[in-house]
Amino acid sequence: MNSESIIECVPNFSEGTDLSKVSRIVQAMQVADVSLLDWSLDLAHNRSVVTIAGPAEAVVESAVRGAGKAAELIDLTRQRGVHPRIGAADVIPFIPVRGASLAQCAILARQAGLSLWRRYGIPVYFYGASAARPDRVQLEDVRKGQFEGLRDAVRRETARRPDVGGPELHETAGASAVGSRSFLIAYNVHLRQPDITAARALARDIRASNGGLHGVKAIGVLANDRAQVSMNITDHITTPMTKVYKRLQELAFRYGAELDDSELIGLIPEAAYEEGAEWILRVPNFDPELKVVERRLKNPLEWPDA
C-alpha cells in the first residue's frame, strides 16, 4: 500500500434502538485522518452500520476502538433483533477503495483481530479473504447458531472455537467476525403485503446458495410488521443491481406478491450506481452525493459531539 491508499471499514454493531449508545460508539472511533462517511440505526433489525475510510493503520485503530466501546455498552444476553449476530461488534470488514488490494486488507483484518483480543478480550473469527480456515470464508457459516448457539458450541466443539482468543466467548460482548472483502451492497426490498411466507420464498429463490443469482445472499424477514427480502449483493459487477431488482419482480409475480419501496444500508460504490434505474427510484430520498462512497469521501460527515 502506498501513502495515499484509502481503506474502507464498515463495522456492524448489535444495537439499533438506542441513539445514545450508538453515538458513543461512533464518537470512540474518531481518529486523526479517518473520515466518517455514514452511520445509521436500523430499528427493525436492532443493528447499526458505520462506514469509515482513510489510511490503513488509522482505519484499523478506529475500528478497534469502536469495537471496544461496543463491548462496553452492548450486552448480548439482553439484545434481541431479527438480524443474525454473534457479537456486540458483530462484523468488521475491511475493503480496498484506492491504492490497496484485497490481500493487503486481509493483513489489516488480522492485525485488527489481534488488537481486539489483546486490548479488550474479545475473541475473533476471521472470514472472507482473511479466513484462516476454508469453513469460515462465508460469514453465515461463522455466525451459525448466533451468539447463543455459538456460546454453547465453543464449550462442546473445538472446531467452533475462535481463531484468536477464547476458547469461550466474551460473556456479554460475544465475538467479532473480522475480515476483508470487496464492496458489498446491503439492500432490502419490502413487499406491499405483510406476507413472510412470500418474502422467504423470494429470498430462497434469488440467493446464490439455492441456485439463484451469483453473489446474492438473502433472507426473508418481518421488520416493523412489513415483509422484507433482506439481501447482501457481494458481486455487483457480475450481478448488477438492475438484474437483482428485475429478478425480484419476476419472483414476486410468480408468488402473487408485489414489491414496495426499498432501502440501502450504508453506501454503494460509484460502479454500482445507475442513475434513473428503477431500483434506485424505489429507494426514498436517494441522494448519490450522500450514498456513493467515492462522492462521500469528498464531503465526509462531522463526527458526533462527545
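Values quoted throughout were computed directly from the atomic coordinates according to the rules given, and no laboratory measurement underlies them. Predicted, not measured: the structure shown is a model, and the values here were computed from it. In this analysis, Cβ positions are derived from the backbone assuming ideal geometry, glycine residues included, and neighbour counts consider all displayed protein chains.
Worth a mention:
- Distant-in-sequence amide H partners of Val91 (H built 1.01 Å from N, under 5 Å): Asn12, Ala177
- Compared with the direct C-alpha span, the chain from Lys243 to Asn299 gains 17.1 nm at full extension, assuming 0.36 nm per residue.
- Computed helical MRE - 222 nm, the chain, DSSP H runs ≥ 4 contributing -39500 (n - 2.57), nearest 500: -9500 deg cm²/dmol
- Within straight-line reach of Lys21, meaning a Cα separation under 19 Å, sit the following lysines at least 8 residues removed in sequence or on another chain: Lys69.
- By the beta-carbon count within 10 Å of each Cβ, the least crowded to most crowded order of Val49, Val221, Val59, fewest first, is Val221, Val49, Val59.
- Cα-based reach from Lys217 at 23 Å (exclusive), listing lysines while leaving out same-chain residues under 8 positions away: Lys144, Lys243, Lys246, Lys291
- The GluC sites (Glu not before Pro) of region 224-306 that DSSP puts in a loop, and whose beta carbon has at most 14 other beta carbons within 10 Å, are Glu258, Glu274, Glu275, Glu302.
- Under the convention that each Lys and Arg Cβ holds +1 and each Asp and Glu Cβ holds -1, the size of the dipole of region 111-270 around its Cα centre is about 440 debye.
- Rounded to the nearest 20 debye, the dipole size of the chain about its Cα centre is 940 debye, using +1 on the Cβ of Lys and Arg and -1 on the Cβ of Asp and Glu.
- Distance (nanometres) between label positions extended 7 Å along Cα→Cβ at Val137 and Ser209: 1.4
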